[in-house]
Amino acid sequence: MTAVADLTAIAARIRARVVEMSHVAGTPHLGSSLSCIDLLVATYWGPLRIDPQHPLDPDRDRFILSKGHAATALYVTLAERGFFDPALLDTYDTDGGALPEHPGLQCVPGVEAATGSLGHGLPIALGMALAARIERRSARQFVLMSDGECEEGSVWEAALFAPAQKLDSVVVMIDYNKWQATGRSDEIMALAPLAGKWRAFGWDACEVDGHDMPAVHAAVSREPDGSGRPRVIVAHTVKGKGVSFMEDDNNWHYRIPTADEVRKARVELGQPEVRA
Amino acid sequence: MRNAFAAAITALATADERIVLLSGDIGNRLFDTFRERFPTRFYNCGVAEANMTGMAAGLALSGLRPFTYTITPFATTRVIEQIRVDICYHDVPVVIVGTGSGLSYASLGPTHHSCEDVGILRCFPNLTVLCPADSAEVGPALEAALTLPGPAYIRLGKKGEPVIHESPPPFAVGKGIVVREGTDVCLLGMGTTTAVALEAARELAARGLSARVVSMHTVKPLDEAFLADAFGRFRAVAVVEEHSVIGGLGSAVAEWRARHDGPQAPLVACGTPDAFISAAGSQAWMREQCGLTGPAVAAKILARIGNAP
């Protein structure tokens, strides 16, 4: 188990690379990628039972980035975790490359589902949970969703199904950064109280500061409580987290950082050496 | 046909432990035997087809062979994005089974009709589209779908369809089954309207025209070799389908014909109109309104080849 202090360092490294990739490729969704990186790191260096040398082991745990627009966060996480050569990240969003702006199934080892259209990851994960149950495997399924994604009806269809079948191998993480593409998520749709909604649907819901690494790590690492309820972690996060001039500024849903902004961001993240 | 499906899936699941059946809260008692025998491999997914379809993809990504089953519009057009992204983009071997296709549920109104499903679904890469002609083709169609590496859609009628085959015929994906031999014109049935094509063939025989009738059960991939031969050999090729003339087998054949160099016999398309049929009525009545009866199809063919009375 990696020490929590190291997790924070890994997260900073991933953030710096993600900011740089957005600049080099000229791709958006930077704020959305930065808000969920602590959740990714706490899971990939925490409870997730995976072996980068055997990425298709049938007994592995599954991680699905249902908010596929945070693809760079996933790609850098997988590269850091040893699933593929980090040099491949340089091909992100290049013509004919393996790494599109939304991840494809196994586009690189470790990508368990093709996402990009919201509301798809949880039903797929429930299917994987049923498969594990049918085949008597102990695999668990972790799904990372966005708050805006919770506006999709398919999420709530899945939310009704999982507790009925006591699919407690499933852990949902919601990157509740309070923004969606064009406005405040709680204003556009009545999401709040988000944890309360999941609880009312029969889930074991908890809330956590999504950037408090020890708290996030503890939350994702908790075992099922035996009640059969699937778990949801509503993680209160900040869009653009880690870069002062991006934090909670929704312009960074679409804005592309300039070379100068990348330098500033990297300094703030303690990763001053610019690669690009 | 739905009873044939229940029997076939139960038989197949006995031999193949990977089969999982997901139902969208229909088929009351239909799957009792399946549930009894395979309690861990049947899930009533409720009135939540998007989740059912996504879960099927997750099961298939884990190496199992899931089937989704509900009334055709809810198995297909309701969840078109889940089919496109979760199933077809992932290219996983899910079998989507729609029951009560076309106008089978005529009296329930256009919410329960499905005359657009094939047109939409055959656009999706990786998906095989199968329309068995009668109950005897259902089992072989399921078995064939299970051999595919990717997804399939199976379009079923409801119940009490005319028998075309006395016993399960040899069935290969992408190969039409000749159900009546003939030499003048060729009728391609898509699914349950193969029986209408047979009636039309009998009408034509009475007028001195010999008609070959084919169960063109695979709409995608099309039996191109068969079409190349048929358009060179016959005086006309007719398609008979309980599906809109936009997008169905007739469209698929017309697309193929437009791309294909070679002899081009006239193509006669018999299908449902580009309209919702909102009046109350039975399937037989609606078929009459759409010209999907033996005499109407025969008359259309005769008019087209200049043998009209």
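Every residue, every condition in (1) in a helix (DSSP H, G or I); (2) under 12 Å from residue A:240 (Cα atoms), yes or no:
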| position | (1), (2) |
| --- | --- |
| A:2 | no, no |
| A:7 | yes, no |
| A:10 | yes, no |
| A:15 | yes, yes |
| A:19 | yes, yes |
| A:23 | yes, no |
| A:33 | yes, yes |
| A:39 | yes, no |
| A:42 | yes, no |
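Please report, ordered by residue number, the helices (runs of 4 or more DSSP H) entirely within segment A:179-276 with at least 1 residues that are buried (at least 18 other Cβ atoms within 10 Å of the Cβ), aromatic (Phe, Trp, Tyr) and touching a residue at least 12 places away in the same chain (Cβ under 8 Å).
Working: elements: A:185-188, A:194-200, A:213-221, A:259-268.
It comes to A:194-200.
For segment A:136-155, the candidate set comprises residues that are over 19 Å from the mean Cα position of the chain (by Cα) and free of Cβ contacts under 8 Å to residues at least 60 places away in the same chain; within that set, the residue that is farthest from residue B:45 (Cα to Cα) is A:136.
Do we find that residue A:26 is open to solvent by 10 Å² or more (accessible area, probe 1.4 Å) and within 26 Å of residue A:223 (Cβ to Cβ) in this structure? No, not satisfied.
Please determine, by comparing only the residues of segment A:160-179 that are farther than 17 Å from residue A:150 by Cα and among the charged types (D, E, K, R), which one is nearest to the other protein chains (Cβ to nearest Cβ). Across segment A:160-179, the extreme among qualifying residues is A:166.
Residues checked against (1) in contact with a Leu (Cβ under 8 Å, 6 or more places away or on another chain); (2) among the hydrophobic types (A, V, I, L, M, F, W, C); (3) closer than 20 Å to residue B:19 by Cβ:
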site	(1), (2), (3)
B:63	no, no, yes
B:90	yes, no, yes
B:99	yes, no, yes
B:133	no, yes, no
B:141	yes, yes, yes
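Counting just the residues of segment B:139-160 that are assigned to a loop (DSSP other than H, G, I, E, B) and surrounded by 22 or more Cβ atoms within 10 Å (Cβ to Cβ), which one comes out farthest from the chain's Cα centre (by Cα)? Checked segment B:139-160; the qualifying residue farthest from the chain's Cα centre (by Cα) is B:151.
Among the conditions (1) touching a Lys or Arg at 6+ places or on another chain (Cβ under 7 Å); (2) open to solvent by less than 10 Å² (accessible area, probe 1.4 Å), residue B:16 misses just one, which is (2).
Among the residues of segment A:96-111, is any of a type in the set (Val, Ile, Thr), in a loop (DSSP other than H, G, I, E, B) and open to solvent by less than 10 Å² (accessible area, probe 1.4 Å)? Lay out the reasoning, then the answer.
Applying the first criterion (of a type in the set (Val, Ile, Thr)) to segment A:96-111 yields A:108, A:111.
So of that shortlist, the ones also in a loop (DSSP other than H, G, I, E, B) come out as A:108, A:111.
From the residues that got through so far, the ones that are open to solvent by less than 10 Å² (accessible area, probe 1.4 Å) too are A:108, A:111.
For segment A:96-111, residues of a type in the set (Val, Ile, Thr), in a loop (DSSP other than H, G, I, E, B) and open to solvent by less than 10 Å² (accessible area, probe 1.4 Å): present.
Annotation: of all residues in segment B:172-181 being surrounded by fewer than 18 Cβ atoms within 10 Å (Cβ to Cβ) and among the small types (Gly, Ala, Ser), the one that is farthest from residue B:304 (Cα to Cα) is B:172.
Those strands (runs of 3 or more DSSP E) of segment B:203-309 in which at least 2 residues are at pLDDT 95 or above and open to solvent by 10 Å² or more (accessible area, probe 1.4 Å), considering only elements entirely within it, cover B:267-272. In segment A:29-54, the residues that are surrounded by 24 or more Cβ atoms within 10 Å (Cβ to Cβ) form Cβ pairs under 7 Å with partners that are hydroxyl-bearing (Ser, Thr, Tyr), at six or more places apart or across chains, as follows: A:30/A:22; A:32/A:146; A:33/A:72; A:35/A:237; A:36/A:237; A:40/A:77; A:41/A:77; A:44/A:77.
Total residues in segment A:108-148 satisfying the condition of being basic (Lys, Arg) and within 8 Å of chain B (Cβ to nearest Cβ): the figure is 1.
The values are calculated or read from the model by the stated rules, or taken from the named source; none is laboratory data. Just so it is clear, the structure is predicted and the values come from calculations on it, not from any experiment. Ideal geometry is used to build each Cβ from the backbone, glycine not excepted, and the neighbour counts take in all protein chains shown. All accessible areas refer to the heavy atoms of the entire protein, side chains included, with ligands and DNA or RNA removed. Shrake-Rupley method; radii C 1.70, N 1.55, O 1.52, S 1.80 Å.
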